[in-house]
Amino acid sequence: MTGAAISIEHVTKRFPLKGQSAGVMALEDISIAVEQSEFVALLGPSGCGKSTLLRLVASLERPTEGTVSIGGEAPGSLAARHALGVAFQDHALLPWLNVHDNIALPFSLANKPVDREAVGGLIDLVGLNGFETARPGQLSGGMRQRVSIARSLVLSPEVLLLDEPFGALDAVTRRQMNIELQRIWSRQRITTVLVTHSVDEALFLADRVLVLSARPGRIIREVATPFDRPRDPAVMRSATFHDLVDDLTDALHPTDATAHAGR
Amino acid sequence: MPGASSRLIAIACGTAGLAGFFALWQVIGHYQLAGLSWPPLTAVLQYLFDPDRHALFLRAIDATLRSTIAGYLIGALTGIGLASIAYTLPMLQRGSDRFAAVVNSIPSIALGPIFLILISREATPAGVASIHVFFIVYVSMNSGLASTSQAHEDLFSALGSSRLKRFLRLNFPSAVPAIASGLRLSWPAALIGAIIGEWFGAPRGIGILIINSMQNFQINLLWSAVLLAAMASLFFFGMLTLVERAAYRRFR
């Protein structure tokens, strides 16, 4: 068991907006408990506040009301302890550093000596052997995201936050990245929150999928995935998987009923 | 390769433009279309490259370049230093912006006498040059620092980076291309500053040649000095353009 439990209690987030004293309500009275070593996926339409929720856990935003705590600590103190791993849709690699140095960056920010073995191991894990000295500009989109994932894992964080890490990739690469991430995660089992709008991705990766409604974001559905780990990509072809996809797609788009559910 | 051919076209256009410019200069000078004070290019070149005058011109350009480079380095380091301090200590930002703007708004010709009092005649050219460079580098570094991407800022926050580490590992490298542009643009300004500074009693330099030849109506000497200054300016400007390109390649 690794990682810390995340507790989000009655969180409301409003953003100030000119001419509107109340501001825009991004999240309304959300409560989520993520257990230690649990992988939770937040699924929702764009603009439902799921990224905001993740930013609250990453200490990049503060809730207007309610509290967020990680293992009893405030998110900010977890970040200050360098115990947070993050990977966002924008890979945010430093263009002037090569692959190795980008992955090793968290060590420097944590004032720790670079663990070359850990960096090498992660390069191996994400399949970028031979690209250690390549710069981000020389890599494909999928490779950059892999570097970003490796960087998020390098300090063995207590909590891993993934915000649409594969959102900018094509469907084939994305699926492949999901399979790889699943393999990596099944070994480390770090408490993880993934934000996505792909139903398949959420179901294949997570232990529990939460569906958020459009603004203001509220949890409208919760599904525990019944698949064992490590997961074989074959589960995506199982009948149970398809039923769950239909179910969640329906929850996401209640208006067009089950017409597109099979996709 | 389309890149190579467009480059060839650019070089050809540039060469044609320069040749046209020189030809026009020569024609105007030769037929005295602009009066006696516009000599033909060939007469100026003959004057400039006359072996008897080598020592004179070498001494002058040597003195001017030394002042320019000294002022350039001092101004650049001050600009980078002040911009760094103001960025890491936000309470100083507003004050230091105002200071830079005020310094820049004083004409350098008015700063000369102040430098004469504060430092020596010999050091005044470098002093005026440094003021010119300081402002350009300060402003370009500020805009470079402000160009740091939000995604990178968020990453450093989530990873618990200290302010200093964030500056050294993120903001400063993000600003390098802008700083390099500032360094390129400030070279000609440094040279002008040094020449103006020389007018306040420097013992030698291109500025002295220009002012003396103007007063004595030595037209060929005047144009030679100006041509020399222009060549020095263009040469270093070209070198700094290469540095800037390398900075963009490395840091973008």
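Readers should treat all values here as calculations from the given coordinates under stated rules, not as data from a laboratory. Bear in mind that the values here come from a model prediction, so they are computed numbers and not experimental data. Cβ sites come from the backbone with ideal geometry, for glycine too, and all protein chains shown count toward neighbours.
Here are the numbers:
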{"quantity": "Average beta carbon contacts from partner chains per residue of A:98-110, 10 Å cutoff", "calculated": "3"}
{"quantity": "Loop trypsin sites (Lys or Arg not before Pro), the range B:1-69 (other Cβ atoms within 10 Å of the site Cβ: 11 or fewer; DSSP)", "calculated": "none"}
{"quantity": "Positive-end extreme of charge dipole, the range B:54-200 - chosen from B:ILE74, B:GLY193, B:LEU89 (charges on Cβ)", "calculated": "B:LEU89"}
{"quantity": "Peptide-level mean, for B:169-181, of C-beta atoms on other protein chains within 10 Å", "calculated": "1"}
{"quantity": "Partner chain coverage, peptide A:84-97 - average Cβ within 10 angstrom", "calculated": "5"}
{"quantity": "Distance-filtered residues of the range A:3-20 - backbone nitrogen under 18 Å, label point 7 angstrom along A:GLN188 Cα→Cβ", "calculated": "A:3-6"}
{"quantity": "Area projected by the alpha carbon convex hull of the protein assembly as shown, averaged over all directions, nm²", "calculated": "33.6 nm²"}
{"quantity": "The protein assembly as shown, dipole about Cα centre (Lys/Arg Cβ +1, Asp/Glu Cβ -1), debye to the nearest 20", "calculated": "1320 debye"}
{"quantity": "Helical segments meeting 18 Å axial Cα length and Kyte-Doolittle 0.0 threshold in chain B (DSSP H)", "calculated": "B:2-30, B:54-88, B:124-146, B:172-198, B:219-251"}
{"quantity": "Counting DSSP beta bridges with both ends in the protein assembly as shown, the antiparallel % (nearest 5)", "calculated": "50 percent"}
{"quantity": "Potential extension, B:VAL27-B:PHE99 segment - 0.36 nm per residue separation minus Cα distance", "calculated": "21.1 nm"}
{"quantity": "For the range A:198-212, 3J(HN,Hα) per residue [Karplus equation, 6.51 cos²θ - 1.76 cosθ + 1.60, θ = phi - 60°, Hz, x = Gly/Pro]", "calculated": "9, 5, 4, 4, 4, 5, 6, 8, 8, 7, 9, 10, 10, 9, 9"}
{"quantity": "For the range B:39-251, convex hull of alpha carbons as volume per residue, Å³", "calculated": "131 Å³"}
{"quantity": "Separation between Cα centres of the range A:213-239 and the range A:16-51, rounded to whole Å", "calculated": "19 Å"}
{"quantity": "Label-zone membership for the range B:177-196, site B:LEU18, 7 angstrom Cα→C-beta point, backbone N under 19 Å", "calculated": "B:188"}
{"quantity": "Charge-dipole axis of the protein assembly as shown as Lys and Arg at +1 and Asp and Glu at -1 on Cβ define it, positive-most pick from A:ALA224, A:ILE8, B:PHE134", "calculated": "B:PHE134"}
{"quantity": "Shape category assigned to chain A from the gyration tensor of Cα positions, a/c cut at 1.5", "calculated": "oblate"}
{"quantity": "In nm, spacing of pseudo-spin labels at A:THR12 and A:SER108 (7 Å Cα→C-beta vector)", "calculated": "4.4 nm"}
{"quantity": "Order by protection proxy (mean Cβ within 10 Å, highest first), peptides A:104-115, B:180-191", "calculated": "B:180-191, A:104-115"}
{"quantity": "Semi-axis lengths, Å, the range B:1-98, gyration tensor of Cα atoms, sqrt of 5 times eigenvalues", "calculated": "42, 26, 16"}
{"quantity": "Within chain B: Cβ-based charge dipole about Cα centre, in debye rounded to nearest 20 (Lys, Arg +1; Asp, Glu -1)", "calculated": "740 debye"}
{"quantity": "Options B:SER181, B:SER161, B:THR148, ranked by Cα towards positive dipole end of the range B:132-229, top entry (Cβ charges)", "calculated": "B:SER161"}
{"quantity": "Dipole magnitude of chain A about its Cα centre (Cβ charges: Lys, Arg +1; Asp, Glu -1), debye to nearest 20", "calculated": "560 debye"}
